[in-house]
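Below is one structure, written out as structure tokens; the observations come after it.
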Amino acid sequence: MKALIKKEFSLCLHPTAFVFLAFAALVFVPNYPYEVIFFFSGLSVFFIVMTARENGDVAFTCTLPVKKSTVPLARILVAAVFQCALLALTAICIVIKEATFPEAMRVNLAGNSANLAFCGFGALLLGAFNLTFFPLHYREPKKVGVPFVISSAVQFLLIAILVAVRHLQFYTPIALPDPTYFGIKLAVLLGGLGLYCAMTVLAGFLSMKRFERVDV
Amino acid sequence: MTLRALEVENLKKVYPNFTLDSVSFAVEEGKIAGLIGRNGAGKSTTLKSIMRLISSEGTVKVFGKDFSEDEGAVKELIGYVGGGFRFYPNKTLSAVAKAVARFYPHWDERVFQCYCKDFALVLSKKVRELSDGMKIKFSLALALSHGAKLLLLDEPTSGLDPLSREDFCDTLLTLKKQGVTVLFSTHITSDLMRVADQILYLSDGAILLDEPLETLAKRYRLQLFATLSEAGAAGAIGVKEGKDGFAGLITEPSEGREATLDEIMIHLEWERGRQNESAH
């Protein structure tokens, strides 16, 4: 698995994977739907998978001494590394914002404020992307566009729901900047991270199973 | 007792318009086997099925190890070349080789450098800068540098010039002396005449012949006949009309000359086609 992951980094990675990590800084933009940061993460996965397809990577990797089923797993792990890095960078940016911006500027009128709970929602969006994109792609690895459109549609649906509920009364504590209602936000963060892990593991399991039957 | 390097049993793959039909054969350790057959006969499908690149039924054992039970370990024993190297066009040869080397505990950088030198491969070049022949040479260099005990080669000589093909055949014979087993598909039967010990002849997804080259070459003779009825009376196989009369394969001692692999293939296919036609 170590060799597979190193191969992913040396032969398959697309530069946008690093560029889109910088989009974590969008949390500094006032009144902005910050959830789109996590859409860009999906876009970087799309570019990686597209690059791999154009390079004939899947067929080549299957000739190497690895179990065929581990081929999707390596790519999902690499995607997870970038997703975790994005979550960590977003959290760092939020901490900096909270330490430097006045409270009035930290309230987001366009959606959720950048706070602890927002990172939980981000994890949920990334997990939803993984669960839709990877199993669909590894059912037929030549197809990248359709799985991306479907997974992005799921992400935007979730983003729309998260932005819409921000205006509901019961939701207000979660939408406010930290440190108010810290306990609730922490629970949302942990819930989001838990769901991310569960959905990513399930995505890996389904992708491996489907890829076994694929003719490369 | 000779060890079987490769055992294939009941390999089956069904496509809408083609079926690889219960292909079974074995290749003994240290032997070179040639896989021949017309386009679409199932040569690449067979090799891909052996490598589990395509999902198919049947069992494959490499040096007694079941492929499906220990896929990673079995693949370590195999050097696979599926035609030219058509992967990672924008990467340099050294970057690809470095990534590949990590997968093989027995990767020998010295051997790889030797092959690169022999094949005139410049490692700082990008894959897309290589000609088709050089791409095949790069594939071969990768496949030969990790101590593979079994080489599976899908038309490895198709893009090579005659001198490179000669070098390739010499390399195979050297590897054979080292105990390496080779199964390779090709349309260039003269290469097989030079190096092969065994011929596997695939036709319409089924093994039509599986014999030592020597036996095969001795069995079939090509004879010319003035008329079709004369050929029929002699029991000729796959009789075809040519500019000098009718030619067919004869299995009995006759005046005809020893048939080449090309001629055996052509006349057996012709006979098969004729039989299929009359059956319908």
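The values are calculated or read from the model by the stated rules, or taken from the named source; none is laboratory data. Every value quoted in this text rests on a predicted model; they were computed, and no experiment measured them. Heads up, the Cβs are rebuilt from the backbone with ideal geometry, glycines too, and the neighbour counts pull from every protein chain shown.
For the stretch B:93-130, give me each residue that is away from chain A (no Cβ under 11 Å) and aromatic (Phe, Trp, Tyr).
Hits for the stretch B:93-130 are B:112, B:115, B:119.
Name the single residue, out of those in the stretch B:226-276 being of a type in the set (Asp, Glu) and over 18 Å from residue B:38 (Cα atoms), that is surrounded by the most Cβ atoms within 10 Å (Cβ to Cβ).
For the stretch B:226-276, the residue satisfying everything is B:230.
How many residues are in a helix (DSSP H, G or I), surrounded by 15 or more Cβ atoms within 10 Å (Cβ to Cβ) and within 14 Å of chain B (Cβ to nearest Cβ) if we restrict to the stretch A:1-31?
The total comes to 9.
Looking at (1) closer than 24 Å to residue B:33 by Cα; (2) touching a Pro at 6+ places or on another chain (Cβ under 9 Å); (3) aromatic (Phe, Trp, Tyr), can you tell me which one residue B:104 breaks?
Of (1) closer than 24 Å to residue B:33 by Cα; (2) touching a Pro at 6+ places or on another chain (Cβ under 9 Å); (3) aromatic (Phe, Trp, Tyr), only one is false for residue B:104: (1).
Go through the stretch B:183-221 residue by residue and tally those that are within 16 Å of residue B:238 (Cα to Cα), outside any helix (DSSP H, G or I) and of a type outside the set (Phe, Trp, Tyr).
4
Out of all the residues in the stretch A:49-72, which are part of a helix (DSSP H, G or I), of a type outside the set (Asp, Glu) and either at the interface with chain B (Cβ under 7 Å from one of its Cβ atoms) or surrounded by fewer than 21 Cβ atoms within 10 Å (Cβ to Cβ) (or both)?
A:50, A:51, A:53, A:59, A:60, A:62, A:63, A:70
Which residue out of A:33, A:72 is modelled with pLDDT under 90 and either closer than 24 Å to residue A:212 by Cα or out of contact with any Phe, Trp or Tyr (no Cβ under 9 Å at 6 or more places or on another chain) (or both)?
Being modelled with pLDDT under 90 and either closer than 24 Å to residue A:212 by Cα or out of contact with any Phe, Trp or Tyr (no Cβ under 9 Å at 6 or more places or on another chain) (or both) holds for just one of A:33, A:72, which is A:33.
Please verify whether residue B:47 is in contact with a helix residue (DSSP H, G or I) (Cβ under 6 Å, 6 or more places away or on another chain), more than 8 Å from chain A (Cβ to nearest Cβ) and modelled with pLDDT of 90 or more, treating the condition exactly as stated.
No.
Since residue B:56 meets every condition but one in (1) polar (S, T, N, Q); (2) modelled with pLDDT of 90 or more; (3) surrounded by 18 or more Cβ atoms within 10 Å (Cβ to Cβ), which condition does it not meet?
Only one criterion in (1) polar (S, T, N, Q); (2) modelled with pLDDT of 90 or more; (3) surrounded by 18 or more Cβ atoms within 10 Å (Cβ to Cβ) is unmet by residue B:56, namely (2).
Filter the stretch B:55-68 for residues that are within 11 Å of another protein chain (Cβ to nearest Cβ) and out of contact with any Ser or Thr (no Cβ under 7 Å at 6 or more places or on another chain); which is nearest to residue B:127 (Cα to Cα)?
Filtering the stretch B:55-68 for residues that are within 11 Å of another protein chain (Cβ to nearest Cβ) and out of contact with any Ser or Thr (no Cβ under 7 Å at 6 or more places or on another chain), the one nearest to residue B:127 (Cα to Cα) comes out as B:55.
Which numbered condition trips up residue A:97, out of (1) among the charged types (D, E, K, R); (2) more than 11 Å from chain B (Cβ to nearest Cβ); (3) in a loop (DSSP other than H, G, I, E, B)?
Tallying (1) among the charged types (D, E, K, R); (2) more than 11 Å from chain B (Cβ to nearest Cβ); (3) in a loop (DSSP other than H, G, I, E, B), residue A:97 fails exactly one: (3).
From the set of residues in the stretch B:69-86 that are part of a loop (DSSP other than H, G, I, E, B) and at pLDDT below 90, which is nearest to the other protein chains (Cβ to nearest Cβ)?
B:86
If you go through the stretch B:87-117 one residue at a time, how many are in contact (Cβ under 8 Å) with a residue 12 or more places away in the chain and closer than 14 Å to residue B:140 by Cβ?
8
How many residues, within the stretch A:101-135, are in a helix (DSSP H, G or I) and farther than 21 Å from residue A:160 by Cβ?
Going through the stretch A:101-135 one residue at a time, the tally reaches 7.
Without any contact (Cβ under 8 Å) to a residue 60 or more places away in the chain, assigned by TED's automatic domain parsing to the domain that holds residue B:249 and outside any helix (DSSP H, G or I): is that true of residue B:224 in this structure?
yes
Picking from B:58, B:40, which residue would you name as being on the phi > 0 side of the Ramachandran plot and not in a strand (DSSP E or B)?
Working: B:58 fails: not in a strand (DSSP E or B).
Only one candidate passes the filter, namely B:40.
Only one residue in B:204, B:197 is buried (at least 16 other Cβ atoms within 10 Å of the Cβ) and either under 20 Å from residue B:275 (Cβ atoms) or touching a Gly at 6+ places or on another chain (Cβ under 7 Å) (or both), so which one is that?
On the way: B:197 fails: either under 20 Å from residue B:275 (Cβ atoms) or touching a Gly at 6+ places or on another chain (Cβ under 7 Å) (or both).
None of the other options fit; the residue is B:204.
So residue A:174 passes all but one of these: (1) free of Cβ contacts under 8 Å to residues at least 40 places away in the same chain; (2) within 12 Å of residue A:112 (Cβ to Cβ); (3) not acidic (Asp, Glu). Which condition number does it fail?
(1)
Just the residues that are surrounded by fewer than 19 Cβ atoms within 10 Å (Cβ to Cβ) and out of contact with any Asp or Glu (no Cβ under 9 Å at 6 or more places or on another chain), please, taken from the stretch B:216-225.
B:216
Could you tell me which of the residues A:64, A:77, A:86, A:73 is touching a helix residue (DSSP H, G or I) at 6+ places or on another chain (Cβ under 9 Å), of a type outside the set (S, T, N, Q) and farther than 24 Å from residue A:150 by Cα? Working first, answer last.
Numbers: A:77 fails: farther than 24 Å from residue A:150 by Cα; A:86 fails: farther than 24 Å from residue A:150 by Cα; A:73 fails: farther than 24 Å from residue A:150 by Cα.
The match here is A:64.
Which of (1) in contact (Cβ under 8 Å) with a residue 60 or more places away in the chain; (2) assigned to a loop (DSSP other than H, G, I, E, B) does residue A:167 not meet, given it meets every other one?
Condition not satisfied by residue A:167: (1).
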